[in-house]
Every structure is written in structure tokens, then in C-alpha cells.
Amino acid sequence: MRSPWRPSRALGRATAIGVVLLTAAAFGGRGDLAVIGGPLVALVVWAVATRPTAGPTVRSRLSTEVGHEGDSLTWRVDVSTVPGLRDVVGHLPGDRWATTTPAHGHVAAAATRAATVPIAVRARIDRWGVRRLGPAQVGGFGDFAAFAWTAPEQLVESVATVPTPGVFTSRAALPHPVGLVGQHRSARVGGGTELAEIRPFRTGDRLRRIHWPVSLRTGALHVTTTYADQDAEVRLVLDAIRDLGERDVETGRRSSLDVAVEAAGAVAAHYLTTGDRVGLSVLGGAGVVEVPAVGGHHQLARVLLGLGRAEPSRGTVGEERALRAQLRRSIPPGAFVVLLSALVSAEPLAHAVRLARSGHAVVVVDTLPPELSGPDATDDALRSVTGVDDARLARLVWRLRLLDREREAHRCAMAGVPVIAWRGPGSLDTVLRQAARRSRAPRVASR
Amino acid sequence: MIRNRTWHRAMIGTVLVADVVIVLVGGAALPGFLPFAIGTLVIATWWALARPAGWGAFTLVVAQVLCATVPGDAPTTLLQWALAAAAGSAVILTHLALTLLASWPARADLPRATALRWGAHAAALVWVAIGAALLGTLATTTPLGWAPWIAAIGLGLIAGTVWQLRANTRKG
């Protein structure tokens, strides 16, 4: 088996010059050539005598597999010590949203008597999502760097970074609560705490429900009725087909997917605290993310982890297939659907309209960053969004896209799917009240 | 850790000092050779420092050897052997400095343990040059009949060094 260690150019240089000098010294009778060539030949003999033969093994690991935005972690690569290994060098680069210390990612360590030689960088994660660190290159040297080894595999590590949810509160009740327990007032009368009406006693009414003051005053038995307390399912649907805009940590500028993730996290956190069940679907994107609707404290962590895995689509055939499969997946009756989208992809909007027509309460939250939706968008931002280099042409293309977007939003509204911009707390209140009124209003039924 | 700028400057300084030593050795033998030696070494040094992993390093070491040996004859006096030892030390230090510049990532800091080991190894090789010069001095300043004994001392030194080397590096 061939040794993974290769002689370096420096060894070749020392060998060539040293041997020539000693030969010339022997044949020419020049002692000074032997004095100059002697150390070079000694270096070669030394390096060959101590050369490493076995290939070290490399093990890479992160200090954590799941992080939060702004967290720091350690990326450590351990190189096993083999006889003759003297130094280990490595290049452990971060990615665009993972700043390493040192920033250039070049690290080195000297071999000791320990079983492994560790090299490590610190990485600060500046953005949610799957952050990929690497590819790392690791190498080692023998004495005088005469023999060099390079790890055959380039190491890549990924860390799922959970987003920090935004702030969201809502005072409006969800339109179709269907569960057994919860904090939403049901549209139907049942066991609960909120008074519905006082009506004459009927057969089957419980005696403890009799309202004695009214019964005595009217001379006939009357009972109190209450609204049932129920919970609801909230299904967050995140449109990750495209990510528009640029994230800038320093200026606080965010992309459409940043806004969508923050909003989804905030809505999930709010409804989970009110006892509802929250699920998540990420449409499109590089990986299929489906979080079943469950209630409870741990569900927020699951939803945030799912949001952290959301990535913009790369446009592959596999992703399109996965998207079609996701769009075919049914959503339980009565679920309140919140679609978070930049409204530039047709499929999610069509999906929202289909859901509304099948009886779900659907709200579309527009997550396009304000700096892109207004006329004061910068040329660079428009170039990035449209992919057109010419600034004037990019502005024109984007203007047409915005008109198209307005048309799509209008069509959604006409189909009964309200489209609202994300403004944090209270964003959904108006549409939720309207949806609740609609659900209580009398309907024409065919008999 | 020694910061990358610091060890870089130290290595470049080592190469420049070695150049100066070579110029002095060549100039001591033949002063008229100085302008040619300086010109050659300046160009070769610039090339070697610009691309230490390329042929520039080879060219600089060869240029140093030629500039140190071409102007003079075979050394016979103690001073000439001392100059040869200085030239040998300068060449081996240049080689080591260029090797470190070529192999170590330019932006990486140098661990102190690595610097100490390279320093110790460089000192050992400089002692090889000095030892060779001492043997040469003995050979040229003693009667001809002592030659076998001097050769035996030289071989004994080499054998002892190799044995020590193997004993210290193959442990564990």
C-alpha cells in the first residue's frame, strides 16, 4: 500500500544541492563545498529517518448540532498522532452567515504526545437556517516539512440554526375551533364558562344549569347555556420557493424568507401559548419540512427547528416533485391556514385559494420586505432580485413583477383569501374577526 | 502562538541576513566579485520570497552556494574554514526559512512548540556545518598521518548523530 505521505519540494531541493555539493567536494578537493553540503545532506538523512509512514485519521465535530441565531460554536478537527507527524495545519472556513475566528480559517497545531492533534475555530452563526461549515482541508508535516500529508476527504459540517421568533399577539379568536379543550369560544353551545343565553328549560337540561332568579321572576324554569371552550389547529405554510432581498446583519435589512420565518415563529409561539395545535409545512425549498400539528411547550422547538431547515429552492426536478406532493397533502377540516409568502410564486397562492374553496379559513401574509415593495428600492437590490444587470431594465422588470403580484393578491382577495402585510402584533386580528363573522353568518343551504 | 506577521518577518529577515553573510564571505575572498554577487542575490531573493514554493527558492540556494564558493579557493586556514562554516550555516538557514514560508499557510499563526522545534533543528544543522568545518580545520592543520584518525572521528560523529536521531525519534 502506498504511503499517503509525499516528499516535499524542499526535500528534493536539499537532496539535489547537498548531493551535488558533496560529490563536487570529493572530486574537486573542495572542503568548503562539503561544509555547505553537509548540513543539507544531514537534513535529508534526518527527514528520511524520521519520515512518517502511516496515514493519520481525521475526525471532525461541532460543539453543538443545533444552535440559535447569534450563538457561537466550536468546530474541532482531531488528527490522530502517528509516528513522525510533527505539525498539523488546516483551513476551516465558515460560510456567508457563519463568521469564524480567526476570520481566514487557517489554523495550525504542533503534535504532542497526546493521541490526537486538535485544531479548531470558533464560529458565530449570524443567520437562521442550515449553516454549512467547510469544506475543510487538513494536512500534516514531518520533520523539516520534508514529507507532507493531505487528508483525502474535505470535511463539511452543518448546523441547524433555529430562528429567533418575532413578536406576535392576537386578541381575535380563531374562526373554526374544533378540538375538545382550549381557549377559543366555540360557535356552538356546550360545556364552558362564557354565557350564551338564558332560555326556558327543556327535557335533558341539567338541573344545576337552572337560573333561579329568572325562573322565580317568570314563573317557569329557565336555564343558562354557555359556549364551549375549544382549541384550533393552526397550519403555518411557508413559501420558500424564492428568497427575495438580501440579509444584512449590520443594517438590519432582511430578506423575504427572513420575514416569513420570523413571522411564522411568532405566530406559532403565540398560538401554542393559547393552547392551540400548530403545524408547519415549508413549500418548495431544498428540503421537505413537515411538522405535524401538535400542542404543547415542546412543539415550538419543533416548529423553530423546522423553520431553521427552510432553504430557498434551487429549482431542481426533485424539488418540484416534492412541492407537488406537498400541495396534494390534505389539511384537516377546520384548520386555520396561515400562508407566509412573498407572493411571487403562483403555486402557493393557488394552493391557498384551493384550501379556501374547500372550507378552510386561510390568510396570506405578505412577507416581501418593505424596501423591495416600494419605489425607493436600490439598484443593487433590484439587480439581485431580478438577475438583470442593467439597472434601468431591472427596475422595469421589477415594476412589472410588482404589478403582477398586485394582480395575484387581488385575485386571492376576490376568492375569499385575505392578503395582509406582516406588521407584528395584531397583524391577523382584522382578518380573523372578519372570518369569525363570516363563519357565524347564516348561509344558504340547498335542500 | 506566534502571529503570522511576526514569524513571516522573522523568516524573511533570516533569508536577508543569510544573503548578507554570503556577500561578506564572497567579498572576503574576492572583493571585485561583490557587485555581481549582490545583483544575483537581490534578484534571486526577490524571486524566492515572492514564490517560496517555486523554483525561486532553488535558485536562491544555488546562487548563495555559488556566491560563497566561486570567488575563493579550497580553505586552508582557520579563517577560511570559519567563513565556510558561516556560508554553510547561511545556506541551511535560508533553506529552512524558505521551506517554512512555502509549507506553512501564510495566514496561520505559528505554534510556539513548532517554532522551538524548528529552531532546535536549525541549530543542530548549523552545528553540523561547524563540525564539518572543525574537521576540515583539523585535516588541513595537522600532519598527513593524522588523516585516518580524523576520518574515524568524523565517521564516529556521523554514526553517533544518526543513532541518537533514531533513538529519539522512533520512541513510542
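The numbers here are math on the coordinates, done by the rules we state, and not lab data. Owing to the predicted nature of the structure, the values given are computational and were not obtained by experimental measurement. Every residue, glycine among them, receives a Cβ derived from its backbone with ideal geometry; neighbour counts consider all protein chains shown.
Summary of computed values
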{"read-out": "Segment A:6-49 - percent relative contact order, Cα under 8 Å, separation 6 or more", "value": "41"}
{"read-out": "Residue-averaged beta-carbon neighbours from other chains (10 angstrom radius) around B:105-114", "value": "6"}
{"read-out": "For segment B:71-81, 3J(HN,Hα) per residue [Karplus equation, 6.51 cos²θ - 1.76 cosθ + 1.60, θ = phi - 60°, Hz, x = Gly/Pro]", "value": "x, x, 9, 4, x, 10, 9, 4, 4, 5, 5"}
{"read-out": "Sequence-distant residues sharing a close amide H with residue B:2 (under 5 Å, placed H)", "value": "B:110, B:112"}
{"read-out": "Ranked B:11, A:414, criterion: other C-beta atoms within 10 Å, fewest first", "value": "A:414, B:11"}
{"read-out": "Folded to 0 to 90 degrees: helix A:429-440 orientation relative to chain A principal axis, Cα", "value": "40"}
{"read-out": "R0 of 22 Å, Cβ-Cβ distance residue A:193-residue A:169: FRET efficiency to nearest 0.05", "value": "0.50"}
{"read-out": "Set of segment A:15-47 residues, backbone N closer than 18 Å to the point 7 Å along the Cα-Cβ line of residue B:138", "value": "A:31-32, A:34-36, A:38-39"}
{"read-out": "Per-peptide average of other Cβ atoms within 10 Å, ordering A:219-225, B:149-155, B:18-24 highest first", "value": "B:18-24, A:219-225, B:149-155"}
{"read-out": "Chain B: relative contact order as a whole-number percent, Cα under 8 Å and 6+ apart", "value": "28"}
{"read-out": "Efficiency of FRET from Cβ geometry, residue B:70 and residue B:116, R₀ 35 Å, rounded to 0.05", "value": "0.45"}
{"read-out": "Binned Cα-Cα distances of segment A:345-390, short to long, each 5 Å bin given as a whole percent", "value": "5, 17, 19, 15, 13, 12, 11, 7, 2, 0"}
{"read-out": "Averaged over B:94-104, number of beta-carbon atoms from partner chains that fall within 10 Å", "value": "5"}
{"read-out": "Computed label-point distance, nm, for sites residue A:384 and residue A:61 using a 7 Å Cα→Cβ extension", "value": "3.7"}
{"read-out": "Fully extended contour minus Cα-Cα distance, from residue B:78 to residue B:151, at 0.36 nm per residue", "value": "24.4 nm"}
{"read-out": "Residues whose placed amide H lies under 5 Å from that of residue A:133, excluding near-sequence neighbours", "value": "A:157, A:158, A:159"}
{"read-out": "For segment A:189-229: rounded, prolate or oblate by the Cα gyration tensor [a/c cutoff 1.5]", "value": "prolate"}
{"read-out": "Packing-based exposure ordering (other Cβ within 10 Å, fewest first) of A:235, A:6", "value": "A:6, A:235"}
{"read-out": "0 to 90° range, to nearest 10: angle between helix A:346-357 axis and chain A longest Cα axis", "value": "30"}
{"read-out": "Rel. contact order, % - alpha carbon contacts under 8 angstrom, at least six apart, segment A:91-133", "value": "49"}
{"read-out": "Exposure proxy ranking, count of Cβ atoms within 10 Å, fewest first, for B:146, A:212, B:7, A:128", "value": "A:212, B:146, B:7, A:128"}
{"read-out": "Euclidean distance between Cα centres, segment B:127-160 to segment A:280-343, Å", "value": "82"}
{"read-out": "Prolate/oblate/rounded label for segment A:6-49 (Cα gyration tensor, a/c 1.5)", "value": "prolate"}
{"read-out": "Spherically averaged projected area of the protein assembly as shown from its Cα convex hull (nm²)", "value": "43.2"}
{"read-out": "Overall form of chain B per C-alpha gyration tensor (a/c, 1.5; a/b vs b/c)", "value": "oblate"}
{"read-out": "Spin-label pair residue A:294/residue A:433, simplified geometry with 7 Å Cα→Cβ offset, distance in nm", "value": "3.6"}
{"read-out": "Exercise: per-residue mean of other protein chain Cβ atoms within 10 Å, A:7-13", "value": "5"}
{"read-out": "Label-to-label distance, nm, for residues given as residue A:115 and residue A:317 (7 Å Cα→Cβ offset)", "value": "4.8"}
{"read-out": "Estimated FRET transfer efficiency when R0 is 22 angstrom, pair residue A:150-residue A:16 (beta carbons, to 0.05)", "value": "0.40"}
{"read-out": "Dipole in debye (nearest 20) - segment A:58-162, about Cα centre, beta carbon charges: Lys, Arg +1; Asp, Glu -1", "value": "80"}
{"read-out": "Dipole magnitude of chain A about its Cα centre (Cβ charges: Lys, Arg +1; Asp, Glu -1), debye to nearest 20", "value": "1520"}
{"read-out": "Dipole of segment A:189-229, positive direction: furthest Cα of A:216, A:193, A:204, with charges on the beta-carbon", "value": "A:216"}
{"read-out": "Positive-pole candidate from A:38, A:93, A:424, dipole of chain A, charges at beta carbon", "value": "A:424"}
{"read-out": "Pairwise centroid distance, computed over Cα atoms, of segment A:213-266 with segment A:389-421, Å", "value": "26"}
{"read-out": "Charge dipole (the protein assembly as shown, unit charges on Cβ, about Cα centre) - positive-most of B:89, A:326, B:16", "value": "A:326"}
{"read-out": "Amide H contacts of residue A:98 (H built 1.01 Å from N, under 5 Å, at least 5 apart or other chain)", "value": "A:126"}
{"read-out": "Peptides ranked, highest mean first, by Cβ atoms within 10 Å: ranges A:337-348, A:53-64, B:64-75", "value": "A:337-348, B:64-75, A:53-64"}
{"read-out": "Radius 14 Å from Cβ of residue B:69, net charge of other residues (Lys, Arg +1; Asp, Glu -1)", "value": "-1"}
